Amino acid sequence: MTRKLFGTDGVRGTANTAPMTAEVALRLGLAAGKYFQRKSALPRVVIGKDTRLSGYMLENALTAGLTSMGMNVLLLGPVPTPAVGFLTRSMRADLGVMISASHNPHQDNGIKFFGPDGFKLSDAAEAEIEALLHADIPLADPADIGRAKRIEDGRGRYQEYAKTTFPQGLRLDGLKVVIDCANGAAYRAAPEVLWELGADVIPVGTSPNGKNINLHCGSTHPEAAAEAVVAHGADVGIALDGDADRVMILDQHGRVADGDQIMALLAARWAEDGRLKGGALVATVMSNLGLERFLQGRGLRLERTPVGDRYVVERMREGGFNLGGEQSGHIVMTDHTTTGDGLVAGLQFLAEMARSGKPASELTHSFDTVPQMLKNVRYAAGREPLKAQAVQSAIADAETRLQGHGRLLIRKSGTEPLIRVMAEAEDPALLSDVVDSIVRAVEDAA
């Protein structure tokens, strides 16, 4: 059974344009309700969202579809994506739903599903729900229509849990921390948790208006956090994305460390403490070759997966590993969370600062990266540029030139109409040449 509607992270698109319309959200609610109806006599679902204007529309449409199938809906309001994973399990729900397009601009939105264990649904489960989307689904009897209830303390429950992941006996007293919440889902949760743990908090991106999520701020635009770090003389900066499932760390000079550097620090530390299960870190094919060499130098392995934190988590669960993530800043720690959690990952970094007394600049540079170049090429609807002969020839030529000197990765984005062209090579001139040759071929076919 194949999936066409679902991408690597749920269903995503431009709001009020298929598939992100109220009508499709309603049908998704019906289909998900039907799917989980078979698994529970009294099905319950929790729904969270970020701060996008279109979240109101999609929340109401999903609620209508789910309640019409007899599911009771618990509305969390704006909360981080990892809070939905946590609360789905904590509140004994059968289904969790997050309405968010993560790091995308405000005009986009998306719908992600979590199972009763708090983990994102498998590809197979999403395919079954998609198959039900256009089926004739019988509705609940009038007496069995579900109820909807707003949960006022959902965010608070998540905040209390997030604090439990910070080591007992440590505090953040004396640390000046910039926290950039991208005008998104963690705009209240993250600053409050840091303040309660003792930090001197400088908030950025905490005034959402429905249209400014990820706008010139957050993990995809860390310049705002970097400017605040330097201006306030902060010790460290933490930049989250719109739904707070990814993070970038900035040192005291405003320099940015990506997910690879954060994972390297945590993997080495956990290995020293005997906490790193399986002697391995799970990351995607996008992670830098320098990370792999760093781990090998410590007798550790890098297990690579396709792009998408869901695939990282699946491999972690299959192999019994407890640390994984993506270069983009999704950091998954299954001892604590069921999905990427930017706040909890940031707390682990701050804990190492507090424990070691080392400055952020020392902790954010575990290894030297192999030069890497990533370029995105947008393509028109209905086009398949990777199938073009000229593109395939350009890729084959690049692979030949890189053999023994680097690596190449070409893939379609799972969330946007983009072809991502990534290469690594020690020789910057070779790197630039092979990437640009493929980009030109893709642009001609796009």
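The values are calculated or read from the model by the stated rules, or taken from the named source; none is laboratory data. Values in this document were obtained by computation on a predicted structure and should not be read as measured data. Every residue, glycine as well, gets a Cβ built from its backbone with ideal geometry; the counts of neighbours run over all protein chains shown. Side chains included, ligands, DNA and RNA excluded: accessible areas come from the protein's heavy atoms. Shrake-Rupley method; radii C 1.70, N 1.55, O 1.52, S 1.80 Å.
When the residues of region 205-217 are filtered to those that are surrounded by 24 or more Cβ atoms within 10 Å (Cβ to Cβ) and among the hydrophobic types (A, V, I, L, M, F, W, C), the one that is farthest from VAL247 (Cα to Cα) is ILE213.
Scanning region 153-180 for residues that are crowded, with 17+ Cβ neighbours inside 10 Å and among the hydroxyl-bearing types (Ser, Thr, Tyr) yields TYR158, TYR161, THR165. Residues that are within 19 Å of GLY237 (Cβ to Cβ) and either crowded, with 20+ Cβ neighbours inside 10 Å or among the aliphatic types (A, V, I, L, M) (or both) do not occur anywhere in region 139-148. Meeting the requirement of 1 or more residues that are open to solvent by 20 Å² or more (accessible area, probe 1.4 Å) and not hydroxyl-bearing (Ser, Thr, Tyr), the strands (runs of 3 or more DSSP E) wholly within region 227-306 are 247-250, 301-305.
Given the structure, is LEU215 within 25 Å of VAL229 (Cα to Cα) and in a loop (DSSP other than H, G, I, E, B)? Here the answer is yes, as LEU215 does meet what is asked.
Checking the stated criteria, LEU5 turns out to be over 15 Å from the mean Cα position of the chain (by Cα), outside any helix (DSSP H, G or I) and surrounded by fewer than 24 Cβ atoms within 10 Å (Cβ to Cβ).
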